[in-house]
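Worksheet: the structure to be examined is printed underneath.
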Amino acid sequence: MREHAGILTDLGADVELVRRPFELSAVDGLVIPGGESSVIDKLSRAFGMQQSIREAIAAGMPMYGTCAGLILLAERITDGIAGQQTFGGLDVTVQRNAFGGQIDSFEAYLDAPALGEPPVHAVFIRAPLVQSVGPDVETLARLHDGRVVAVQQGPLLGTSFHPEVSGEQRFHRRFLDLVRTA
Ligand code: GLN
């Protein structure tokens, strides 16, 4: 979370940490960081955040999920643990831990036409993959073999990778643009 907060602060945003529903109602956008999606899911239900985040998504609050955060914003997941739930919002199917085994962490430079040059320096850590996207979802970045790793649907952004680790700021910039226009 510290890396996200650092980039957002550099880009001129006021950053607050959100752990409880009342803290969510005080912000105009939400970054859902990496971590372990099944744990974030369980904690969010225990602390009343699942309901609050679902309501915020329905109300159009911009959100940006990286890695586990992308999993949590997906309408559908594969290879979740038994009973794993998501907040939903992005009309995509996301596979957890899609790059298992020896390459469960790697870096790549991605073509991202929507973001322009230079290519996106992306760090993947036990990363998920976007397996399918609905008709209203824009693909923002792909691996060289064509697999989708960054998406946007309206005010919701998701990346399989961690731009905050490599200092890539364009996704956070895009997120803040969404917050300003919301
Ligand atoms: N593999 C993790 C999960 O399933 C995500 C890893 C990450 O966020 N870097 O939630």
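The values are calculated or read from the model by the stated rules, or taken from the named source; none is laboratory data. Nothing here was measured: the structure is a model prediction, and the numbers come from that model. Positions of Cβ are generated from backbone atoms using ideal geometry, with glycine treated the same way; all protein chains shown enter the neighbour counts. We work out accessible area using only protein heavy atoms, side chains counted, and drop any ligands, DNA or RNA first. Shrake-Rupley method; radii C 1.70, N 1.55, O 1.52, S 1.80 Å.
Pairs meeting the criteria (first residue in segment 83-98 and on the phi > 0 side of the Ramachandran plot, second residue open to solvent by less than 20 Å² (accessible area, probe 1.4 Å), beta carbons under 6 Å, at least 6 apart or on different chains) are Gly89/Leu73; Gly89/Leu156.
Hey, can you tell me all the residues within segment 169-182 that are touching a strand residue (DSSP E or B) at 6+ places or on another chain (Cβ under 8 Å) and either basic (Lys, Arg) or under 20 Å from Val130 (Cα atoms) (or both)? First the steps, then the outcome.
The initial filter retains those residues of segment 169-182 that are touching a strand residue (DSSP E or B) at 6+ places or on another chain (Cβ under 8 Å), namely 170-172, 174-175, 178.
Once the filter is applied, which keeps residues that are touching a strand residue (DSSP E or B) at 6+ places or on another chain (Cβ under 8 Å) and either basic (Lys, Arg) or under 20 Å from Val130 (Cα atoms) (or both), segment 169-182 yields Arg170, Phe171, His172, Arg174, Phe175.
For every residue, the table says whether it meets (1) more than 22 Å from Ala59 (Cα to Cα); (2) among the acidic types (Asp, Glu); (3) more than 10 Å from the chain's Cα centre (by Cα).
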site	(1), (2), (3)
Val151	no, no, no
Gly154	no, no, yes
Gln169	yes, no, yes
Arg174	no, no, yes
Leu178	no, no, yes
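The set of residues in segment 24-52 being more than 15 Å from the ligand (Cβ to nearest atom), surrounded by 14 or more Cβ atoms within 10 Å (Cβ to Cβ) and not in a loop (DSSP other than H, G, I, E, B) consists of Leu24, Leu30, Met49, Gln50, Ser52.
Scan segment 119-149 for residues that are part of a loop (DSSP other than H, G, I, E, B) and either within 16 Å of Glu75 (Cα to Cα) or open to solvent by less than 80 Å² (accessible area, probe 1.4 Å) (or both) and jot them down.
Result: Pro119, Ala127, Pro128, Gly134, Pro135, Asp136, Val137, Leu143, Gly146.
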